[in-house]
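What follows is calculated from the coordinates using simple rules that are stated; it is not laboratory data. Computed from a predicted model, the values in this text were never measured in an experiment. As a convention, Cβ positions derive from the backbone with ideal geometry for all residues, glycine included, and neighbour counts pool all protein chains shown.
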Amino acid sequence: MKNIGVIGCGNIAETYFRAQNYFNNINFIACADINNEVAKKCADEYKIKFQTVDEILVNPDIDIILNITIPQAHFEVSKKILEAGKHVYCEKPLSANYEQGKELISLSKKNNLYLGNAPDTFLGGGAQLSRDIIDNNEIGNILTGNFIFAFPGAEDFHPNPESWYREGSGPVLDMGPYFFTAMINLLGPAKNIRSRGFRFFDKREYKAGPKKGNFFDVENNTSYMFDLEFENRSMIQGFISFDVQNHKRNHIELYGSSGSIIVPDPNMFGGPVITSKELGSEWINHSVEDKPLGKTNIINHSGRSNEEPKQSNYRGIGLSEMIYSIENKREHRCNGELALHVLDIIESAMISSKTKQEVNLRSTCTRPRSFDDQEIKKLLKN
Ligand SMILES: NC(=O)c1ccc[n+]([C@@H]2O[C@H](COP(=O)([O-])OP(=O)(O)OC[C@H]3O[C@@H](n4cnc5c(N)ncnc54)[C@H](O)[C@@H]3O)[C@@H](O)[C@H]2O)c1
């Protein structure tokens, strides 16, 4: 069990506080935010201590700080946490650019501190069963495949969607981490990327909240198409878009030399995983409802157009696994090298779309170890 402080008390905070009910080693004791009022409210709600950002950084009772500020602040806040001598676990992305991400990794190594990063969804039942099927050679070597994240944009449900349409944000930085991390878990590190980016509109309309009916400016590309080659020679095509009203494609399909697999939503933890061995043959559903991090635990719809009504959401397992790794002096799965490689893919996609050239990735990473039910059960509350 480790004492944890939180910096950033916005939307996602609730999900992390809920993780204390699932995992046996997470103990939040204080929270802070650049906006003290928001942090005070959060402290009241969860019966923990309110502190300013400066105070929480020097709180001697805190071993780890969870950084769930906005992406543009991840670097600055994680750097302060590491300089204060505390381990950090940060939401995705690692930082807004690759060089900053590299600096965080050097700092964590220099200070002998753990740097963990979301997403942790690849530790879920759906992703791990997909991995078992591939690693057990049930569908042969993965040759090709595709993935899609496409919806009408954050303005559909969010009252303040502007930040998704500014430089340093956008669809790939926001949703790419789930897909690229899922793919690295299944296929290992990537090698190069070709990408095209599109901005179809200069202005978009608020669809929710008090500004509904008004328009805001769009600064960045809102749709991207990619070809991503992996070191194992798999070639995967991707599409991430905020310009699609609706679609019926699968999140991820991978085509192996002796069968195909449909991998479930990498933004969530559940299943099913679906496979088929040959043309015209039946598609077989593999449920993950009996897996500790696959079972459906959310039955109220979030209201988001990109989410299924019933979900498995065990966010926080990455933090719990990092705590266990600190205590047992071993490498954690949601580690900095993995997050930096994902950030490299994201930034290289954007560079490639500008230069219209294939971009070789600067980084690599070790494929995270598979996560079996025995290990997971050590972290779960009874
Ligand atoms: N909301 C979601 O469903 C969701 C899901 C997955 C991941 N995430 C990730 O979680 C992170 C937070 O998302 P959110 O939706 O909670 O955002 P949010 O805007 O609701 O909350 C962020 C909070 O961080 C605070 N903050 C900003 N800069 C700060 C700084 N320099 N120092 C201290 N506090 C600062 C803000 O005041 C705000 O209260 C993002 O990185 C996002 O990518 C969010």
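Put simply, the amide H of residue 268, placed in the peptide plane, has no neighbours under 5 Å, leaving out anything fewer than 5 places away on its chain. Building the convex hull from the alpha-carbon atoms of the chain and averaging its projection over directions returns 18.5 nm². The phi-based Karplus calculation (6.51 cos²θ - 1.76 cosθ + 1.60; θ = phi - 60°) puts the 3J(HN,Hα) values of the stretch 98-110 at 5, 4, 5, x, 4, 4, 5, 5, 4, 5, 5, 5, 4 Hz, whole numbers, x for Gly and Pro.
When the chain is treated as a Gaussian network with alpha carbon springs shorter than 10 Å, the biggest mean-square fluctuation among 83, 45, 308 belongs to 45. Computing Rg and the Kirkwood Rh from the Cα coordinates of the stretch 246-360 gives a ratio, Rg/Rh, of 1.04. Exposure proxy shown here: for 163, 95, 258, the number of other Cβ atoms within 10 Å sets the order, fewest to most, as 258, 163, 95. Checking Cβ-Cβ separations below 4.7 Å across the chain identifies 31, 90, 334, 365 as cysteines lacking any candidate disulfide partner. If N is the number of residues in the stretch 219-297, what value comes out of its Cα radius of gyration divided by 2.2 N^0.38 Å? For the stretch 219-297, the normalised Cα radius of gyration is 1.32.
For the stretch 169-208, the list of chymotrypsin sites (Phe, Trp or Tyr not before Pro) that fall in a loop by DSSP and count at most 15 other C-beta atoms within 10 angstrom reads 200, 201. Pop the C-beta distance of residue 372 and residue 73 into the FRET formula with R0 = 25 Å and round what comes out to the nearest 0.05. With R0 = 25 Å, the Cβ-Cβ based efficiency is 0.10.
Using every Cα-Cα pair within the stretch 327-371, state what percent have a distance larger than 13 Å. Of all Cα-Cα pairs in the stretch 327-371, 60 percent lie more than 13 Å apart.
The chymotrypsin sites (Phe, Trp or Tyr not before Pro) of the stretch 220-294 that DSSP puts in a loop, and whose beta carbon has at most 13 other beta carbons within 10 Å, are 283. When the alpha carbon gyration tensor of the stretch 2-117 is reduced to an equivalent ellipsoid, its three semi-axes come out at 22, 15, 13 angstrom, largest first. Of the GluC sites (Glu not before Pro) found in the stretch 136-170, those in coil by DSSP whose Cβ has at most 13 other Cβ atoms within 10 Å are 167.
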